[in-house]
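The values are calculated or read from the model by the stated rules, or taken from the named source; none is laboratory data. Given the structure is predicted, the values throughout are model-derived calculations rather than measurements. Cβ sites come from the backbone with ideal geometry, for glycine too, and all protein chains shown count toward neighbours.
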Amino acid sequence: MGGVPGPYDLSPTELAALLPGEPAFRSRQVWDGLYRRALRPAEMTDLPAALRSQLEEALPSGLEVLECQSADDGDTTKWLFSLADGARVETVLMAYPDRVTVCVSTQVGCAMACGFCATGQGGFGRNLSTGEIVEQVVSAIRAARPRRLSRVVFMGMGEPLANYDRVLGAVRRLHTDIGLSARHLTLSTVGIIPGIRRLAAEPLPVNLAVSLHAANDELRDRLVPINRRYPLDALSDACARYVAATGRRLSIEWAMIDGVNDSGRDAEELAAFTRPLGAHVNLIPLNPTPGYAVRGTAPGQVRRFRQQLRALGVNATIRVTRGVEIDAACGQLAAPAPGAADSPRFEPTPGVRRGAVRTRR
Ligand code: SAH
């Protein structure tokens, strides 16, 4: 099931139907206001005042801000949004010196059940509609001002390729209507092979990130349960076809879990998977979540692991952790249900202090 249709779920024809008796150019003007200029109808000062207030009524925002938290000296912002049916999702905006990135959710919860991920621990709610995904980006564009939002990563709550049509609808809107380049959009997946195949055939080549975390089936079956359906050999093949078809860069995400996937042998297996794909590896020291007791790998071992990968011919970066103290980092998005107490606090990964969460390279 999709969401309740909001302003960004309307087709151009449906929008035009809200403007009876108006000159033909109006609907183009409103469409531009919503997408290119990221305006609320009340802010569309090029419209007659009566029409503005009429549209403000007819197009209520599909996302209500329940909470807005910030960290990293204001460079990371996390919103908890309530959707029209009361379901909740989180969105994270990250400002860097050279770019501003938003991380959007694609589902309420997630059905993939990766044990180390807070979203996976909470189970699945429903798919987001295209408009609910787009509106997260529009909120980020507005909040980023005066800076320009440069990148969108589909790495929030949910599995994008398990909500394929609505996610692709959002990709098209971001590209065609908002004007973001496909090379600045990144979709992250646990490795849903039919979705990767479909994506490879799309005319808009986006970047693809695969959440690998283990490069042998025995371990990956446990860490990322969908691996039982889509094992590594088939995943590698789908990734190779994606790169060949799109010419896009592939990245591999690897959450470093102490004593689980951070040994020399793990590095060798990861390198063997990655090298033929020419992929780049992002190492993410595991962030703490309520339902998973194992810690993240200590910083020294993370650096050794990266060195080992480099020696094996694989480029790897250690992802700078953002927003740990507001539970906004990778794998920490959980969107507390109505009435729930504050999300519980957990011991941070060694070397990552709350309140000063920038990890060093
Ligand atoms: N379902 C998609 C989109 C979510 S992206 C996917 O899995 O790719 C979120 C990323 O954070 C994924 O790479 C996920 O594996 C990673 N992640 C999940 N839990 C984490 C944790 N506790 N610490 C660090 N990374 C985590």
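Being polar (S, T, N, Q) and in a loop (DSSP other than H, G, I, E, B) is the filter here, so list the residues in segment 9-61 that pass it.
Result: Ser11, Thr45, Ser61.
Of the conditions (1) at negative phi; (2) buried (at least 19 other Cβ atoms within 10 Å of the Cβ), Pro225 clears all except one; give me its number.
Only one criterion in (1) at negative phi; (2) buried (at least 19 other Cβ atoms within 10 Å of the Cβ) is unmet by Pro225, namely (2).
When both residues are 6+ apart or on different chains and their Cβ atoms are under 9 Å apart, which pairs have a first residue that lies in segment 51-78 and is more than 22 Å from Gly331 (Cβ to Cβ) and free of Cβ contacts under 8 Å to residues at least 12 places away in the same chain, and a second that is of a type in the set (D, E, K, R) and part of a strand (DSSP E or B)?
Pairs found: none.
Considering only residues that are in a strand (DSSP E or B) and either modelled with pLDDT under 95 or not hydrophobic (A, V, I, L, M, F, W, C) (or both), look in segment 94-119 and name the one that is farthest from the ligand (Cβ to nearest atom).
Thr101
Quick one: count up the residues across segment 94-118 that are within 24 Å of Gly74 (Cα to Cα), buried (at least 19 other Cβ atoms within 10 Å of the Cβ) and either charged (D, E, K, R) or touching a strand residue (DSSP E or B) at 6+ places or on another chain (Cβ under 6 Å) (or both).
7
What about Pro41, is it within 30 Å of Pro338 (Cα to Cα) and more than 22 Å from the chain's Cα centre (by Cα)?
yes
Step by step: first the residues of segment 72-93, then only those that are within 16 Å of the ligand (Cβ to nearest atom) and over 12 Å from the mean Cα position of the chain (by Cα), then the one that is nearest to Asp165 (Cα to Cα). Which residue is that?
Lys78
Only one of Asn287, Asn282 is in contact (Cβ under 8 Å) with a residue 24 or more places away in the chain, in the same structural domain as Thr189 (by TED's automatic domain parsing) and surrounded by fewer than 22 Cβ atoms within 10 Å (Cβ to Cβ). Can you tell me which?
Criteria check complete, one pass: Asn282.
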